[in-house]
Amino acid sequence: MKFGLVGPTFPFRGGIAAHTTLLEHAMRKRHDVVFVSFKRQYPTWIYPGPSDRDESEGGIRPLQASALLDSMNPWTWYQTAKRLVSERVDVVILPWWVIFWAPQYLLITSYLKVMSRIPVIFLCHNVHEHETNRLKNLVTSLVLEQGSAFLCHSEEEKVFLEKHFPGRIVTTMVHPSYEAIANPSDSGSQAASDGLPGEAASPDHRTAHDPRQILFFGFVRPYKGLDVLLEAMPEVHRQTGARLKVVGEAWQDAGRYRRLVAEHGLNAVVDMDLRYVPNAELPSVFDAADLVVLPYRSATGSGAVQLALGAGLPVVATRVGSIPTAVQHETNGLLVPAEDSKSLAQAITRALDPDQWGRLVSGVAQTKEQFSWDRLVDTIEQVASKLLDTGSGSRMQSETK
């Protein structure tokens, strides 16, 4: 088949850009791909961080992409839609995560529907934003109404999509591994051979670490529950002597978390590195850790989980969204209820026990193949084939992969 893929890639930073790029790598093994990316993603006045670009040498490059879209220039939206039609793609894949993309997506999908009836698969990283409201929900519904099929991360999102878009194909997907980023020397992927520096060592060497190192990684936002982890850390440190490193850009009040560190008496225990870390540095960040802890209050998929597992590290996380699909309790990590600092402290302490830690590390290796990019391509192929077999305008009953 010939696919159209629209989304961010290098030099734009973040998990969505990495996901879209690695998906392009995997899809090109089997199919033709017309990959349209951005020449401008967010205007500087709207992006909450210093920049939405990561032009370090560690960025994962696309194999072939056209930097055509400008989020603030409607003419480029039209050009993108026209390009997809002129290339005679069979199916278009659009990643969806925030309503900022609503205007361009509405124009692109409307053009496709009128000019060629090319089916659109929405790859939903989030159906709704983490901080949502009625207006955002309305805009989301207007955009997703244009989809012929949906791929989503969690059962809860699947149920929502089935209810609000009856008759469409709705399929759950497993978030693939980010091993190519966190541990490029071992991934054996195209990304690993495309200039990603660094050599992440086997986690076996971490057994000698003293003290143990816990890592919280990712954009620091309220729904990710860093405050819950900080509340758990005094007991964790008392039981294990472990230290915590927080690595990630804070989009809101970073001072709040620094105050919590001081309030809990953790100044000598917690290291706060509140900045965006480029891909080139990620192997060393994960290589220094023994355990990744992600105490999210809510989630759909999680790129941080797949960075951790890709680096060979077990994960302690909350039982929310699709996280239990990746973090398999008692196999490659431990799961606890959300917003329960006591249970979180107990799970971290248990996971850092040398015997338990070794067992979980072995479980990470054993579950590795479940998160391959080829499995996601398999899912896309199955959905696309059904759309093409029945006609792009048809609506079908949903199913779960």
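The values are calculated or read from the model by the stated rules, or taken from the named source; none is laboratory data. Owing to the predicted nature of the structure, the values given are computational and were not obtained by experimental measurement. With ideal geometry, Cβ positions are generated from the backbone for all residues, glycine too; neighbour counts draw on all protein chains shown.
Identify the residue in the stretch 71-97 that is touching a Phe, Trp or Tyr at 6+ places or on another chain (Cβ under 7 Å) and either at pLDDT below 95 or under 30 Å from residue 182 (Cα atoms) (or both) and, among all such residues, is surrounded by the fewest Cβ atoms within 10 Å (Cβ to Cβ). The qualifying residue surrounded by the fewest Cβ atoms within 10 Å (Cβ to Cβ) is 71. Exactly one residue among 356, 382 is of a type in the set (S, T, N, Q), within 30 Å of residue 168 (Cα to Cα) and not in a loop (DSSP other than H, G, I, E, B), and that residue is 382. Among the residues of the stretch 314-353, those that are closer than 16 Å to residue 289 by Cα, outside any helix (DSSP H, G or I) and among the hydrophobic types (A, V, I, L, M, F, W, C) comprise 315, 316, 317.
The set of residues in the stretch 300-311 being surrounded by fewer than 24 Cβ atoms within 10 Å (Cβ to Cβ) and in a loop (DSSP other than H, G, I, E, B) consists of 300 alone. Look at residue 54 and say whether it is surrounded by fewer than 20 Cβ atoms within 10 Å (Cβ to Cβ), in contact (Cβ under 8 Å) with a residue 12 or more places away in the chain and among the acidic types (Asp, Glu). The answer is no for residue 54.
Candidates are the residues of the stretch 10-48 that are of a type in the set (Gly, Ala, Ser) and assigned to a helix (DSSP H, G or I); the one that is surrounded by the fewest Cβ atoms within 10 Å (Cβ to Cβ) is 15. Checking each residue in the stretch 212-259 for being more than 19 Å from residue 343 (Cα to Cα) and of a type in the set (A, V, I, L, M, F, W, C) picks out 217, 219, 220, 246, 247, 250, 251, 254. Checked against the criterion of being surrounded by fewer than 17 Cβ atoms within 10 Å (Cβ to Cβ), closer than 27 Å to residue 153 by Cβ and at pLDDT below 90, the stretch 251-263 has at least one qualifying residue. Residues that are over 18 Å from the mean Cα position of the chain (by Cα) and in a loop (DSSP other than H, G, I, E, B) were ranked within the stretch 218-250; the one that is surrounded by the fewest Cβ atoms within 10 Å (Cβ to Cβ) is 241.
Taking the stated definitions as given, is residue 26 more than 30 Å from residue 390 (Cα to Cα) and of a type in the set (A, V, I, L, M)? It is false that residue 26 is more than 30 Å from residue 390 (Cα to Cα) and of a type in the set (A, V, I, L, M).
With respect to (1) in contact with a strand residue (DSSP E or B) (Cβ under 9 Å, 6 or more places away or on another chain); (2) β-branched (Val, Ile, Thr); (3) at pLDDT below 95, the lone exception for residue 170 is condition (3).
Candidates 199, 179, 155: the one that is surrounded by fewer than 18 Cβ atoms within 10 Å (Cβ to Cβ), at pLDDT below 90 and within 19 Å of the chain's Cα centre (by Cα) is 155.
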